[in-house]
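Structure first, then comments.
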Amino acid sequence: MINRIIDFSVENKVVVFALVLAACVAGWWSMQRVALDAIPDLSDTQVIVYSRWDRSPDILESQVTYPIVTAMLGAPKVKAVRGFSDFGYSYVYVIFEDGTDIYWARSRTLEYLSGVLPRLPQGVSTEIGPDATGLGWVFQYALVDSSGKHTLAEMRSYQDWYLRYYLKSVSGVAEVAPLGGFSQQYQVNLDPNRLQAYGIPISRVVEAVRSGNNDVGGRLVEFGGTEYMIRGRGYARSLQDFADIVLTASEEGTPIRVKDVGQVALGPDLRRGVSDLDGQGEVVSGIVIMRQGENALDVIDRVKSKLREIEPGLPEGVKVVPIYDRSELIRRSIDNLRSTLIEVTLTVSLIILIFLWHFPSAMIPVVTIPIAVLLSFIPFRMLGMTANIMSLGGIAIAVGALVDAAIVVVEQTHKRLEEWERNGRNGDYTPVIVSAVKQVAGPSFFALLVIAVSFLPVLTLEAQEGRLFKPSPTPRLWP
């Protein structure tokens, strides 16, 4: 088989060179479009179920976390389910088997979650986390007010209702998590003495505020051949609208409103953390989470481009200050590995030139190095692997082994040509070269095969070790 391939290559040089050229072009194209990152992503395929309910951790554990955990245990391909309960918050981490598609896992989680949601207590808000991994945190920024005209509450409102949605529209961004500042809310501060005097329970105030902040639809009225829709517009738009909500009426028929039993004011929501910038004080920050399978470098560049686009529309005196940018780490890591790879390639080439001491012959193994490196990026792209310090470091280590077979072939060819010259150069030299290549082609191939087989035990590793050394089990489609 190997001899037939050699004969075909000798008889069809143009075809062979054309195939090599096409493979090099494909390798170059793949190298330009391969995903870049600093480190490989070793995260498990997991889905986070997040619930919020203003209760103590023990109540959340028994009435929210436990029902969700037991429901997720029966989902297919689930490896582990971990539940954590905090004051007001419940987190359930559903860990799936290696190789499970993230979106298949999310759909199965929603399917099994739909059966437990009706059994949860009233008022529990449940959702699943973004389609990201543990390495999804790629960019973070802070909103800095140099004018001093804006409060932390105003900055947080701008982050939550404007800037966040701009950045979530960027391709590859799964979530923009806010941090710091104060989330504004309408707060009704009741006076218990007034409630007792009017005989109004707090539940009545809660129900009145809930029903009074709502639009109501009516039926259609036909008049003059035209239909008119009747509706009641009840959404509160100001503090006065909340204060004027009617709770009940006195015996004389006088309406008792919210402002008669308390005060309505704008106030901050309870928060569980703060964000400080360089010890200069609190700021509002945002964390950009990348969607799983995206190119981190491209996502960060798109986020920066979007920030430059919306910069003229920021409030007066407010600017966006990047405080974490993984693209710097990625570029410095890749540049370091690129220079190391070039140094290794030049060193190996120089050693080959010195030991062979014949430039035309030395060019054969020397040219093999860049071609092999280019071809290695084709499976990178097809398997959806990222070019990081592990993958590129492996190429740098393997540069020496890439030229072993070529050196053996060149050495054997030199020996046979020397014998041919001593015998008076009878006939054409081409059969001599072909015969020399055939003599060492089989042993060289099986020697390289032994090296490849020696790595098979590494491919049997599982969990994080397996994800570190094995290609991605979920191929990525070519665009």
Computed from every Cα-Cα pair in the range 32-76, P(r) in 10 Å bins starting at 0 and rounded to whole percents is 19, 32, 21, 18, 9, 1
Looking only at aspartates and glutamates whose Cα falls under 14 Å of K149's and that sit 8 or more positions away or on another chain, we get E316
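For a test of the definition: using alpha carbon positions, the gyration tensor, and the 1.5 limit on a/c, classify the range 72-142 as rounded, prolate or oblate. Show your work: numbers first, answer last.
Working: a/c = 1.90, a/b = 1.10, b/c = 1.73.
Taking the square roots of the gyration eigenvalues as a ≥ b ≥ c, the range 72-142 is oblate.
How large, in percent, is the carbon and sulfur part of the accessible surface of the range 38-162 at a probe radius of 1.4 Å?
Values: 3340 of 6170 Å².
Ligands and nucleic acids excluded, carbon and sulfur reach 54 percent.
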For K306, counting only lysines whose alpha-carbon sits under 19 Å away and dropping same-chain residues fewer than eight positions off, the answer is K168, K319
Measuring from the longest principal axis of the C-alpha atoms of the chain, the long axis of helix 326-356 (C-alpha) lies at a number of degrees, nearest 10, equal to 0 degrees
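As a test of the definition: which semi-axes, in Å, follow for the chain when you take the square root of five times each eigenvalue of its alpha carbon gyration tensor? Largest first, please. Don't skip to the end; give the middle numbers.
Details: eigenvalues 956, 125, 88 Å².
Square roots of five times the eigenvalues give 69, 25, 21 Å.
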Tilt, helix 102-114 to longest principal axis of the chain (alpha-carbon atoms), in degrees rounded to tens, equals 30 degrees
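Nothing charged except the Cβ atoms of Lys and Arg (+1) and of Asp and Glu (-1): what's the magnitude of the dipole of the chain about its Cα centre? Round to the nearest 20 debye. List each step's numbers first, then the result.
Details: 45 positive and 51 negative charges, 146 e Å.
The calculated dipole for the chain is roughly 700 debye.
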A chain fully extended from K168 to L270 at 0.36 nm per residue, minus the present Cα-Cα distance, gains in nm 34.2 nm
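Which shape class applies to the range 214-298: rounded if a/c is under 1.5, otherwise prolate when a/b exceeds b/c and oblate if not, where a ≥ b ≥ c are the square roots of the Cα gyration tensor eigenvalues?
On the way: a/c = 4.61, a/b = 1.55, b/c = 2.96.
Judged from the Cα gyration tensor, the range 214-298 comes out oblate (a/c at least 1.5, b/c at or above a/b).
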Of the range 33-48, those with amide N under 18 Å from the point 7 Å along the Cα→Cβ vector of V458 are 39-42
Rounded to the nearest 10 degrees, the helix 296-310 long axis (Cα) sits at an angle to the longest Cα principal axis of the chain of 50 degrees
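I'd like the carbon and sulfur percentage of the solvent accessible area for the range 242-353, probe radius 1.4 Å, heavy atoms only, ligands and nucleic acids excluded. Please report the intermediate quantities before stating the final value.
Details: 3290 of 6370 Å².
Summing carbon and sulfur atoms, their accessible area is 52 percent of the total for the range 242-353.
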Taking the dipole of the chain about the Cα centre (Lys, Arg +1; Asp, Glu -1; charges at Cβ), the one of N193, A71, G394 that reaches farthest to the positive side is G394
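Sequence gap at least 6, Cα distance under 8 Å: using those rules, report the relative contact order of the chain to the nearest whole percent.
Details: 677 pairs, mean separation 102.9, N = 479.
Relative contact order, the chain: 21 percent.
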Subtracting the Cα-Cα distance of A23 and E418 from 0.36 nm times their residue separation yields 138.8 nm
Note: D7 to R331 extended length (0.36 nm per residue) minus current alpha-carbon separation gives 112.1 nm
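If you put +1 on each Lys and Arg Cβ and -1 on each Asp and Glu Cβ, how big is the dipole of the range 179-292 around its Cα centre, in Debye rounded to 20?
Details: 12 positive and 14 negative charges, 53 e Å.
Rounded to the nearest 20 debye, it is 260 debye.
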When every protein chain stays in place and a 1.4 Å probe is rolled, M385, M155, M229 sorted by accessible area with the largest first are M229, M385, M155
Between the residues F355, F242, A208, the Cα farthest towards the positive end of the dipole of the chain, that dipole coming from +1 and -1 charges on the beta-carbon of Lys, Arg, Asp and Glu, is from F355
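Label the range 106-215 by shape, choosing from rounded, prolate and oblate, from the square roots a ≥ b ≥ c of the eigenvalues of the Cα gyration tensor; if a/c is under 1.5 it is rounded, and otherwise prolate applies when a/b is larger than b/c, oblate when it is not.
oblate
Any idea of the accessible area per residue across the chain, 1.4 Å probe, to the nearest Å²? All intermediate terms of the calculation are to be shown ahead of the outcome.
Working: 28490 Å² over 479 residues.
That works out to 59 Å² per residue.
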For K13, counting only lysines whose alpha-carbon sits under 19 Å away and dropping same-chain residues fewer than eight positions off, the answer is K438
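The values are calculated or read from the model by the stated rules, or taken from the named source; none is laboratory data. Fair warning: this is a prediction, and the values are worked out from it, not measured in the lab. With ideal geometry, Cβ positions are generated from the backbone for all residues, glycine too; neighbour counts draw on all protein chains shown. Protein only, heavy atoms only, side chains kept; ligands, DNA and RNA dropped before computing areas. Shrake-Rupley method; radii C 1.70, N 1.55, O 1.52, S 1.80 Å.
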